[in-house]
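Q: One structure follows; several queries about it will come next.
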Amino acid sequence: MMHILVLVHSQGGNCLTLAEQALRGVESVPGMTAQLKRVPDLETEEALRAHPWTGRVYAERIHPLPVARMDDLVHADGLILGSGTRYGGMSAAMKAFLEQASPLWRSNALLGRPAGVMAVASTPHGGVEQAALGMMVQLMHLGMLMVPCGYATPLLQRAGSPYGVMAIAGGAAGRTLSEDDLAVAHYLGQQVAEVTLRLGPKQFQA
């Protein structure tokens, strides 16, 4: 069995919901397993639990997730990253986690492994594409191979993007994820899993 790490930073729960769908997409491919983990938070647990909009979601859905370590990247055959959008980019917590990967960059530990990205913003022009492209750039510096959504499915005419899963949800408007958003996340999971299988297992190194 080959393994995909689905790694998320989510405060309002929408990016987590997409990550759960991506995980199901991975596991729908025979021979593949997946695990969902979160990056470490930069804010205190007390502050996150006290947030008036997202505190309950954090306490019930996000905090219980296992926290990822660098070893999780090394021991995964592929990766799917998901982040909320902050001021037109990925979250600081996601960026901080990726910046700890310099030992893996020096050793080329992740070279040639496939990866996909997901991003959520709460407003139509909140920078969701920029957040996704920023994650892709960091992963390319690590030598990973980007697996985009492209336009191979009619779903991509209604949701997502050619780069990866992108959605508008949450915020003051109370937008919710659509069925198409969820389907695109499932599709990306399948795509990353199938590419990972075709490439075959990599020798772990760090």
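Q: So which residues in the range 53-90 are polar (S, T, N, Q) and either on the phi > 0 side of the Ramachandran plot or surrounded by 23 or more Cβ atoms within 10 Å (Cβ to Cβ) (or both)?
A: SER83, THR85
Q: Take the residues in the range 144-160 that are touching a Pro at 6+ places or on another chain (Cβ under 8 Å) and part of a loop (DSSP other than H, G, I, E, B); name whichever of them is most open to solvent (accessible area, probe 1.4 Å).
A: This residue is TYR151.
Q: Right, something else. Across the range 161-176, what is the total count of residues that are open to solvent by less than 30 Å² (accessible area, probe 1.4 Å), of a type outside the set (S, T, N, Q), in a loop (DSSP other than H, G, I, E, B) and farther than 21 Å from HIS51 by Cα?
A: Residues in the range 161-176 being open to solvent by less than 30 Å² (accessible area, probe 1.4 Å), of a type outside the set (S, T, N, Q), in a loop (DSSP other than H, G, I, E, B) and farther than 21 Å from HIS51 by Cα: 1 in total.
Q: Still on this structure: Has the range 70-82 got any residue that is of a type in the set (Gly, Ala, Ser), within 24 Å of VAL26 (Cβ to Cβ), modelled with pLDDT of 95 or more and in a strand (DSSP E or B)?
A: yes
Q: Of all residues in the range 50-85 being within 16 Å of LEU16 (Cβ to Cβ) and among the charged types (D, E, K, R), which is farthest from the chain's Cα centre (by Cα)?
A: ARG56
Q: Identify, please: which residue in the range 1-40 is closer than 19 Å to GLU179 by Cα and β-branched (Val, Ile, Thr) and is, among those, surrounded by the most Cβ atoms within 10 Å (Cβ to Cβ)?
A: My answer is VAL26.
Q: Considering only the range 109-125, state which residues are in contact (Cβ under 8 Å) with a residue 24 or more places away in the chain, over 19 Å from the mean Cα position of the chain (by Cα) and exposed (fewer than 12 other Cβ atoms within 10 Å of the Cβ).
A: Listed by number, the list holds a single entry, PRO124.
The values are calculated or read from the model by the stated rules, or taken from the named source; none is laboratory data. Because the structure is a prediction, the values reported are computed rather than measured. Every residue, glycine as well, gets a Cβ built from its backbone with ideal geometry; the counts of neighbours run over all protein chains shown. Please note that ligands, DNA and RNA were not included when accessible areas were found on the heavy atoms of the full protein model with its side chains. Shrake-Rupley method; radii C 1.70, N 1.55, O 1.52, S 1.80 Å.
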